[in-house]
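The values are calculated or read from the model by the stated rules, or taken from the named source; none is laboratory data. No experiment lies behind these values; they were computed from the predicted model shown. Using ideal geometry, Cβ is built from the backbone for each residue, glycine included, and neighbour counts are taken over all protein chains shown. These area figures cover heavy atoms from the full protein model, side chains too; ligands, DNA and RNA do not enter into them. Shrake-Rupley method; radii C 1.70, N 1.55, O 1.52, S 1.80 Å.
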Amino acid sequence: MTESSPAVEIEGVSHWFGQRKALDDVALQVERGSIHGFVGANGAGKTTTLKMVATLLKPARGRVRIFGKTLRGHDRWAQQDTGYMPDDCGLYESLRVIEYLDFFAAAYGIGRRQRTELIKGVLELTDMTGRSDDLIKGLSRGMRQRVALARVLIHDPQLLLLDEPASGLDPRARIELMEILRELRRMGKTIFISSHILAELAELCDAVTLIDRGKVRYSGTMDALLAREQETRAYLVRFADADDSLDAALEQTHGVDSFESVGGGEYRLQVPCDGPLPQELLRSLVAIRADVSGFAVDRRGLDQAFLDLTEPGIEA
C-alpha cells in the first residue's frame, strides 16, 4: 500500500454492456481519509464504476488503482482493503442480526474469539447493539441499512464503497446514517458514496464527482463546484442578537457585495469570487459583530450547478 497515493484512482475507464457504452473515458481520484460523493441520475454509470473498484467488474478499457496498486481482477488483497455495500443489499431475513454478522466474519476467515469483539464493535458503531438478537425480517428499512453497513465494516476495510445507502430512508434515518459516516471518516476510513441527489451529500463530502451518461462532467471540491461560472459566492451567517445596527455594519464590511435577512438572525451574504477567503470574511464579521454564532457556505446553488453540467433525459 503506497502511503502517498490516493485511495482510488480511475484512469481512462470505458465499458460496454452489449452495444451500450456505460462508461466513457472516466477519470477521477478519491483522496485518502475523505468522503467523496459520486452523483448522477439513475443509469449514469455510478454502480458500474463502484463495481469496478470493488473488483466485481473488470473495465473493458482503462485502469483502476486502489491505494496505489492496479486492480487485475478478483484481487483478494483488494477485497480485504475494501467494503462494498450495493444499492440493493440482500439480507438473510431468517437470521438474527448477530448471526448474520457472525456468518460474514467467518467468511472473511476471522477466528471465533476475534469475531465476538469485532461484532460487538460494529454493532456499537452502527447503534445496533440493542437489536442484535432481532430477526432481520422484522427490521425497518433504516435498521436494515445499518445492518448492511455493519456487515461492510466487519473485516475493518480502509475503503468503503457505498452505493445509494440513503435511498428509501426517512429523514431521521438519513441524518443518523450521515452521522455514522462522519464518525467513520474521523476513524480514518475513506468513503466513496454514490447518490442521485447532490444536495443530499453537500454537507457530508469533501469532494464530489458528477457523472452523466457515462461521462464525468466535474470532479473536485464542493466549493469549486459552486464557484464555476459564478461571479459571487454565498455564505449563511447567523448572529446571536441581530438588531437594527447590523445592516449598517454589514454595509461597511470589506468584501460583502450584498446581503439579505433570511430569518431567525440568519443572513445570506454575497461575496465576489475573487474577494476575501471564508476565514478572512469570518474574521471581518467577528470584528464588527462579536456575536457570530454560525457560518457556512450556502449550498443552494448546488442543484443549479448539477443541472448546468448534465443533460436532461438520462437513459435507463
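When Val216, Val271, Val237, Val262 are checked against the criterion of being in a strand (DSSP E or B), in contact with a strand residue (DSSP E or B) (Cβ under 7 Å, 6 or more places away or on another chain), surrounded by fewer than 15 Cβ atoms within 10 Å (Cβ to Cβ) and not small (Gly, Ala, Ser), a single residue qualifies: Val262. Please determine, by comparing only the residues of segment 263-277 that are among the hydrophobic types (A, V, I, L, M, F, W, C) and modelled with pLDDT of 85 or more, which one is farthest from Asp223 (Cα to Cα). Among those residues, the one meeting the criterion is Leu269.
Given the condition over 24 Å from the mean Cα position of the chain (by Cα), part of a helix (DSSP H, G or I), of a type in the set (Val, Ile, Thr) and over 26 Å from Arg174 (Cβ atoms), answer yes or no: does some residue in segment 116-132 qualify? Yes. The set of residues in segment 163-194 being open to solvent by less than 10 Å² (accessible area, probe 1.4 Å) and either part of a helix (DSSP H, G or I) or in contact with a Phe, Trp or Tyr (Cβ under 7 Å, 6 or more places away or on another chain) (or both) consists of Leu181, Leu184, Phe192, Ile193, Ser194. The condition of being over 25 Å from Val147 (Cβ atoms), within 20 Å of the chain's Cα centre (by Cα) and part of a loop (DSSP other than H, G, I, E, B) does not hold for Ala27. Looking only at segment 49-64, decide whether some residue is open to solvent by 10 Å² or more (accessible area, probe 1.4 Å), of a type outside the set (Lys, Arg) and at positive phi. Yes, segment 49-64 has at least one match. Checking each residue of segment 287-297 against the condition of being in a helix (DSSP H, G or I) and either modelled with pLDDT of 80 or more or not hydroxyl-bearing (Ser, Thr, Tyr) (or both) gives at least one match. Taking residues in segment 59-78 that are closer than 20 Å to Tyr108 by Cβ, and partners anywhere that are assigned to a helix (DSSP H, G or I) and open to solvent by 50 Å² or more (accessible area, probe 1.4 Å), the pairs with Cβ atoms closer than 8 Å and at least 6 places apart or on different chains are Lys69/Trp77.
Checking segment 138-157 against the condition returns a match, with at least one residue being part of a helix (DSSP H, G or I), more than 16 Å from the chain's Cα centre (by Cα) and farther than 27 Å from Ile197 by Cα.
Total residues in segment 12-31 satisfying the condition of being touching a strand residue (DSSP E or B) at 6+ places or on another chain (Cβ under 6 Å) and open to solvent by less than 70 Å² (accessible area, probe 1.4 Å): the figure is 11. Taking every residue in segment 111-132 that is farther than 14 Å from Leu149 by Cβ and pairing it with any residue that is polar (S, T, N, Q), at least 6 positions away or on another chain, the pairs with Cβ-Cβ distances below 8 Å are Lys120/Thr129.
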